[in-house]
Amino acid sequence: MGLFDRLLNFGDPTKDWPVVSGPAPALSRRTLQLETPRFGEPLESALPLGRPDKFTWQNKKAGFCELLYASKGLRLQFEASRLVEVTFFIGPSSCSHRGFKPAAPKSPTGVPLGHEMRRERIVELFGEPLPGSDDEVLQMFHGETASDFSLTEEGQLDRWDLYVND
């Protein structure tokens, strides 16, 4: 760990959390949110997921931080110490951390989302993307949540970002 990493991680509130193995937690099929932590919940609500593989402050004073669970293929982003975004890294090169293992989250119908999935299948499972979506990012609203499905240049699913639809 270099000096810059040490400065960014100074005061890591997750450093004493236990290590919890296993895959990324499942999403609620109805709300498309993690059971815990849910959007808007405080940083401490991520404790059941265990200590992240990497914790980074973007702005400590403002409570902006990122918890990377590379071994689960998951990233949680907090603003003002509240969960605002969940990212599932699905493609084999979507995360550069050495401990990375791709996530396999499920659609609301229970279909696992894998790297081989293409735009047509995502639209079939989640509906039409918003106007303005392009060949690389499909934006969709799902009631209280919204999604960005990022595709590779070859058209395969690479990453799924979920956030509050406000």
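The values are calculated or read from the model by the stated rules, or taken from the named source; none is laboratory data. Predicted, not measured: the structure shown is a model, and the values here were computed from it. FYI the Cβ positions are ideal-geometry reconstructions off the backbone, even for glycines, and counts take in every protein chain you see. For the accessible areas, the whole protein counts, side chains as well, though only heavy atoms, and no ligand, DNA or RNA atoms are used. Shrake-Rupley method; radii C 1.70, N 1.55, O 1.52, S 1.80 Å.
Placing dummy labels 7 Å off each Cα toward the beta-carbon, the span from E116 to E136 is 2.6 nm.
Fully extending the segment from E128 to S28, taken as 0.36 nm per residue of separation minus the present Cα-Cα distance, adds 33.9 nm. For the chain, the relative contact order is 18 percent, taking Cα pairs closer than 8 Å that sit 6 or more residues apart in sequence and dividing their mean separation by the residue count. Using just its DSSP H runs of length 4 or more, each adding -39500 (n - 2.57), the chain gives a mean residue ellipticity at 222 nm of -2500 deg cm²/dmol after division by all residues. Comparing P108, F149, A80 along the charge dipole axis of the range 60-166, the residue lying farthest to the positive side is A80, per the Cβ-charge model. Only Lys, Arg, Asp and Glu carry charge here, each on its Cβ (+1 for the first two, -1 for the last two); on that basis the chain has a dipole of about 720 debye about its Cα centre. Note on the range 1-122: percent of Cα-Cα distances in each 5 Å bin, starting at 0 and stopping at the bin with the largest distance, equals 2, 11, 20, 23, 21, 13, 6, 3, 1, 0. Between L47 and K106, the C-beta separation translates, for a Förster distance of 22 Å, into a calculated FRET efficiency of about 0.40. Rounded to whole numbers, the Karplus 3J(HN,Hα) couplings from phi for the range 135-150 are 6, 9, 9, 9, 9, 9, 9, 10, x, 7, 10, 10, 9, 10, 9, 8 Hz, using 6.51 cos²θ - 1.76 cosθ + 1.60 with θ = phi - 60°, and x at Gly and Pro. In order along the range 67-81, the phi-based Karplus estimate (6.51 cos²θ - 1.76 cosθ + 1.60, θ = phi - 60°) of 3J(HN,Hα) comes to 10, 9, 9, 4, 5, 10, x, 9, 9, 10, 10, 10, 10, 6, 6 Hz; Gly and Pro are listed as x. For D53, the residues whose modelled amide H falls within less than 5 Å of its own, excluding neighbours fewer than 5 places apart on the same chain, are L68, Y69, A70, S71. Positive-end ranking of C65, T36, T14 along the dipole of the chain, with charges on Cβ about the Cα centre, is headed by T14.
What number of lysine-lysine pairs in the range 24-166 show an alpha-carbon separation below 18 angstrom, given a sequence spacing of 8 or more or placement on distinct chains? For the range 24-166, qualifying lysine pairs total 4.
Might you report the magnitude of the Cβ-based charge dipole of the range 65-136 about its Cα centre, with Lys and Arg at +1 and Asp and Glu at -1, to the nearest 20 debye? Here the size comes out at about 480 debye. Sequence-ordered 3J(HN,Hα) estimates for the range 86-102 from the Karplus curve with 6.51, -1.76 and 1.60 and θ = phi - 60° stand at 10, 10, 9, 8, 10, x, x, 10, 6, 9, 8, 5, 5, x, 5, 10, x Hz, glycine and proline given as x. A 1.4 Å probe over all protein chains sorts T109, T31 by accessible area into T109, T31, starting with the largest.
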